[in-house]
Amino acid sequence: MPVQSITAGADMNGGEELVAMSYQASLRVLKNVVPFAETEDDTAATLARLVKSVPRNLAAGLAPHATASQGECSLSEAMRCCRELCVMLAYCRDLSGQFINGGFVAQLIETYRGIEEETGRHLVKAQEAAS
């Protein structure tokens, strides 16, 4: 599914690009990291759950119909998932290095750090608007 179909016609207070970026990053993780992650300790399942959660929570938190508290909760959850993903991706890079390209994973970690930072900006705006 192309990214445009995710955000087409949506007004998410300027967050369309953020949702699209997180969706694209999730696809890269699902296609290039999850298949090589450890299955014995549920690393693969945890990664899959987290990467799907980020764009979903961003879309919910940035939706114009979301109440202030719902939006803040969803944005906070997206930020938490980004932080957890950075740790999980680092584990995959360090423990499965023979199967997963370390440079690729480093780029994903930086992408999720950027998504977390931008989500924080949206969260501050939402909190300021609510006050």
What residue, of Ala78, Ala130, Ala44, Ala48, is over 18 Å from the mean Cα position of the chain (by Cα) and of a type in the set (A, V, I, L, M, F, W, C)? Ala130
Restricting to the stretch 23-54, count the residues that are under 15 Å from Val87 (Cβ atoms) and outside any helix (DSSP H, G or I). 5
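Restricting attention to the stretch 52-96, and to residues there that are basic (Lys, Arg) and modelled with pLDDT of 95 or more, which single residue is farthest from Glu128 (Cα to Cα)?
Lys52
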Can you tell me which residue among Gln107, Gln98 is at negative phi and either assigned to a helix (DSSP H, G or I) or surrounded by 18 or more Cβ atoms within 10 Å (Cβ to Cβ) (or both)? Gln107
Near pairs, Cβ below 9 angstrom, 6+ apart or cross-chain, from the stretch 26-49 (surrounded by fewer than 19 Cβ atoms within 10 Å (Cβ to Cβ)) to any residue that is among the aromatic types (Phe, Trp, Tyr) and part of a loop (DSSP other than H, G, I, E, B): Pro35/Phe99; Phe36/Phe99
Which residue pairs have Cβ atoms under 9 Å apart, sit 6 or more places apart or on different chains, and have a first residue in the stretch 100-117 that is polar (S, T, N, Q) and a second that is surrounded by 19 or more Cβ atoms within 10 Å (Cβ to Cβ) and modelled with pLDDT under 95? Asn101/Arg93
Identity of the residue in the stretch 55-91, outside any helix (DSSP H, G or I) and free of Cβ contacts under 8 Å to residues at least 40 places away in the same chain, that ends up surrounded by the fewest Cβ atoms within 10 Å (Cβ to Cβ): His65
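The values are calculated or read from the model by the stated rules, or taken from the named source; none is laboratory data. Quick caveat, the model's predicted, so the values are computed rather than measured. We place every Cβ from the backbone using ideal geometry, glycine too, and count neighbours over all the protein chains shown.
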